[in-house]
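The values are calculated or read from the model by the stated rules, or taken from the named source; none is laboratory data. Every value quoted in this text rests on a predicted model; they were computed, and no experiment measured them. No Cβ is skipped: glycine too gets one built from the backbone with ideal geometry, and neighbour counts run over all protein chains shown.
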Amino acid sequence: MALYALGDLHLSFQADKSMEAFGDLWHHYVQKIDKYCGRLTADDTLVLTGDHSWGKNLAQCATDLKFIESFPGRKILLRGNHDMFWDAKKTQQLNDLFKDRLYFLQNNFFSYGPYALVGTKGYCYEGLDTFEHFEKIRDREVQRLQVSFDAAVAAGYDRFIMFLHYPPTSIGEFSSPFTEMAESYGVEHVVYSHCHGRERFGDSYIGEVNGIEYHLVSGDYLGF
């Protein structure tokens, strides 16, 4: 039994928006995903940290999600900024619809041995909106993460692995509400993605910071 994480699959079986145009890191990425994720076993857990599909709705994501379903083991999905098929208020409907096939992490948690897997999309400032709008969205994501922690604590868990789609800090930040929450709960690992291209891989923490191990799992960073 092992736990794996990978982000930003950006599948486009129906949307016809291949990421191969974005440079050598993306060459043959779907074949790589199929090859490496196909090595999982039925006892493994794979957390996919957002941006699963370019489809704009569930119907346009059907083939992409079926592809993810084909991987061995348990597949837990986190919401990314490009996952238009996923309304955060309807996460339970997705869990009902894909029961025992895919698991959607939002305002809930999943167990992995002694650990609770908690998470939310997160948010960081990238200069694409006003700072006030950034703070509004970030604070909403912090509240959703709190719901995830609260559910896990209520179930008796005191060991946590935390997942985000966005990096836990904005560029130049040394802390954020996400890192502060992770430290307050004694989180052992924080796993995130979203950072694409060699020039973006260092946008946030990688390695041990204040007793927490931070892991970047963007697909192009890991070679899928």
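How many of the residues in the range 189-218 are buried (at least 18 other Cβ atoms within 10 Å of the Cβ) and assigned to a loop (DSSP other than H, G, I, E, B)? Adding up the residues that qualify gives 8.
Restricting ARG39, ARG74 to those that are out of contact with any helix residue (DSSP H, G or I) (no Cβ under 7 Å at 6 or more places or on another chain) and within 13 Å of PHE224 (Cβ to Cβ) reduces the list to ARG39. So, in the range 1-31, of the ones that are in a helix (DSSP H, G or I) and of a type in the set (D, E, K, R), which residue ends up surrounded by the fewest Cβ atoms within 10 Å (Cβ to Cβ)? Filtering first and then ranking leaves ASP24. None of ALA182, ALA152, ALA116 is surrounded by 18 or more Cβ atoms within 10 Å (Cβ to Cβ) and more than 21 Å from GLY7 (Cα to Cα) except ALA152. Among the residues making up the range 114-139, those that are outside any loop (DSSP other than H, G, I, E, B) and closer than 14 Å to LEU78 by Cβ are LEU117, VAL118, GLY119, THR120.
Among the residues of the range 23-42, not a single one is modelled with pLDDT under 95, in contact with a strand residue (DSSP E or B) (Cβ under 8 Å, 6 or more places away or on another chain) and of a type outside the set (Val, Ile, Thr). Of everything in the range 154-193 that is without any contact (Cβ under 8 Å) to a residue 12 or more places away in the chain and among the hydroxyl-bearing types (Ser, Thr, Tyr), the residue that is farthest from PHE110 (Cα to Cα) is SER175. Look at (1) touching a Phe, Trp or Tyr at 6+ places or on another chain (Cβ under 8 Å); (2) part of a loop (DSSP other than H, G, I, E, B) and you find that GLN60 fails only one, number (2).
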